[in-house]
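The values are calculated or read from the model by the stated rules, or taken from the named source; none is laboratory data. Computed from a predicted model, the values in this text were never measured in an experiment. Cβ atoms come from the backbone with ideal geometry, glycine included; neighbour counts cover every protein chain shown.
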Amino acid sequence: MARREAILSTSIEYLAEVGPSQFESKEVANRCGITQSQINYYFGGRDGLLMDAMTTLHVRHSDEIIERVEGQADPYEGMLVYVDTVIDFVTTYGATSSATSIPELFARSEGIETWRREANAAQVLDSSERVSTVLVSACYSIWRGRPYRRMNRAKIGVVALTNPRVTNSVVLIGMSCGGLARVWTQHLARPTFGFDPRKLLRRSARMVLDDLRRSPQVETDETDYYDDDSGEITS
């Protein structure tokens, strides 16, 4: 398994340089000092290696987001860290980051077989859901004026239905971060004078979070989802 992980790490470094459309398994084999047959043994060929590398990159990025956000006791600062983590990822991986943001569309555009897409779908879905849970928890914490705590996934839907300000904030920031990769790629190809999408994203996210933090909380019988510790998850 150590050999397989080394191949994946090299593939991810290579993806940062060339992007998925120019990815060649022969180059990965050369960099690892192995033969193409070993790539075929571990991944079934170029498509399998590319799909596994993209999936691994997606999961690692999700894990980094969660770790960095949950490293902040202040959820407001945690959300700003989330934005910066996405910006760092997009700046490093360029076109590859755009593909990982919508892995299903990436797989289709690359002509990767259905069974390979389905084999990786569970990992991608799980990591995406964990990130979404953290974002909703952080925005809910900001709105409540509480330190950050992650909520159970089962409660997220109720929060989304009963707290439109929280939901709107998550959607606005999430969609903006998700679209940064495409905007950044276009910006690199044709820079617009005086326009930096990264600065715009940071400023816009701060405005959304400031509005969420200032929003008045109407006195209702609404459940405070922090009162029931039995629903909290830690992983």
Exercise for review: Please work out if ARG68 is in a helix (DSSP H, G or I), at pLDDT 95 or above and closer than 26 Å to THR185 by Cβ.
Suggested key: yes
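With respect to ILE34, determine if the residue is surrounded by fewer than 20 Cβ atoms within 10 Å (Cβ to Cβ), touching a Leu at 6+ places or on another chain (Cβ under 8 Å) and hydrophobic (A, V, I, L, M, F, W, C).
The answer is no for ILE34.
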Review point. Out of curiosity, is SER62 among the small types (Gly, Ala, Ser), surrounded by fewer than 16 Cβ atoms within 10 Å (Cβ to Cβ), in a helix (DSSP H, G or I) and at pLDDT 90 or above?
Key: no
Point to revise | Given (1) surrounded by 14 or more Cβ atoms within 10 Å (Cβ to Cβ); (2) part of a helix (DSSP H, G or I), number of the condition TYR41 does not satisfy | key: (1)
Check your understanding: How about the stretch 148-166: which of its residues are touching a Ser or Thr at 6+ places or on another chain (Cβ under 7 Å) and touching a residue at least 60 places away in the same chain (Cβ under 8 Å)?
Key -> TYR148, ARG149, ARG150, MET151, ARG153
Point to revise | In the stretch 17-75, the residues that are in contact (Cβ under 8 Å) with a residue 12 or more places away in the chain, farther than 15 Å from VAL131 by Cα and of a type in the set (Asp, Glu) | key: GLU24, GLU27, ASP47, ASP52, ASP74
Check your understanding: Out of the stretch 185-211, which residues are of a type in the set (D, E, K, R), more than 28 Å from PRO164 (Cβ to Cβ) and surrounded by 14 or more Cβ atoms within 10 Å (Cβ to Cβ)?
Key -> ARG198
Exercise for review: Give the number of residues within the stretch 120-135 that are over 30 Å from GLY48 (Cα atoms) and surrounded by fewer than 15 Cβ atoms within 10 Å (Cβ to Cβ).
Suggested key: 0
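Matching residues to (1) within 18 Å of the chain's Cα centre (by Cα); (2) small (Gly, Ala, Ser):
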{"site": "VAL131", "(1), (2)": "yes, no"}
{"site": "ILE142", "(1), (2)": "no, no"}
{"site": "GLY145", "(1), (2)": "no, yes"}
{"site": "ARG150", "(1), (2)": "yes, no"}
{"site": "ALA160", "(1), (2)": "no, yes"}
{"site": "ASN163", "(1), (2)": "no, no"}
{"site": "THR192", "(1), (2)": "no, no"}
{"site": "LEU200", "(1), (2)": "no, no"}
Check your understanding: Any residue in the stretch 22-33 that is at pLDDT below 90 and in a helix (DSSP H, G or I)?
Key -> yes
Exercise for review: Quick one: VAL59 ticks every box in (1) out of contact with any Ser or Thr (no Cβ under 8 Å at 6 or more places or on another chain); (2) under 18 Å from ALA16 (Cα atoms) except a single one, so which number is it?
Suggested key: (1)
**Study point:** The one condition in (1) within 30 Å of SER137 (Cα to Cα); (2) over 20 Å from the mean Cα position of the chain (by Cα) that ALA29 fails to fulfil
**Key:** (1)
Check your understanding: Does at least one position in the stretch 125-135 carry a residue that is at pLDDT below 75 and either in contact with a strand residue (DSSP E or B) (Cβ under 9 Å, 6 or more places away or on another chain) or closer than 21 Å to GLU64 by Cβ (or both)?
Key -> no
Study note, to complete from the structure: Reported set for the stretch 4-24 where residues are hydroxyl-bearing (Ser, Thr, Tyr) and under 15 Å from THR56 (Cβ atoms) is SER9, THR10, SER11, TYR14
Practice item. Give the stretch 170-197 a look and list any residue that's free of Cβ contacts under 8 Å to residues at least 60 places away in the same chain and among the hydroxyl-bearing types (Ser, Thr, Tyr), or say none. Key: SER176, THR192
Review point. Within the stretch 136-147, can you find the residues that are touching a residue at least 60 places away in the same chain (Cβ under 8 Å) and either crowded, with 17+ Cβ neighbours inside 10 Å or closer than 28 Å to THR55 by Cβ (or both)?
Key: SER137, ALA138, CYS139, TYR140, SER141, ILE142, TRP143
